[in-house]
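A.B. asks: Sharing a structure, written as structure tokens. Questions coming.
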Amino acid sequence: MSKIAATLIAGLFATSVFAQTPAATTPTHAEAQASKDAAKADAKHAKEVAKADEKVEKANAEAKADVAKAEAKASEKKAEAKADQAEAKADSVARSQ
């Protein structure tokens, strides 16, 4: 009986040693293809993000240009209004004399 117990104990030790060693990891064709597909997807995503960023920057630049034009028009109208006020004031002073 002690031989059987010794054999069982030795078997447990042997299986525990095999359970702790990592299996040989050789990439299979499917794993290689999956990583290749993932790399392609990442590259495509990065390209799409770059295009979207470029569109946003272009839209921001156009908006800034529109704002600058509007501000220029507003300041021009202000200047015209001030000139008109000054002219009206000069006319009223001239008429009162």
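A.B. asks: Does segment 6-24 hold any residues that are at pLDDT below 65 and polar (S, T, N, Q), and which are they?
C.D. replies: 20, 21
A.B. asks: Additional query: Which members of segment 24-34 meet the condition of being part of a helix (DSSP H, G or I) and surrounded by 10 or more Cβ atoms within 10 Å (Cβ to Cβ)?
C.D. replies: Taking segment 24-34 as the starting set, the residues that turn out to be part of a helix (DSSP H, G or I) are 29-34.
Across segment 24-34, the qualifying residues are 31, 32, 33, 34.
The values are calculated or read from the model by the stated rules, or taken from the named source; none is laboratory data. Being a predicted model, the structure only gives us computed values, none of them experimental. Glycine also receives a Cβ, built like all others from the backbone with ideal geometry; neighbour counts cover every protein chain displayed.
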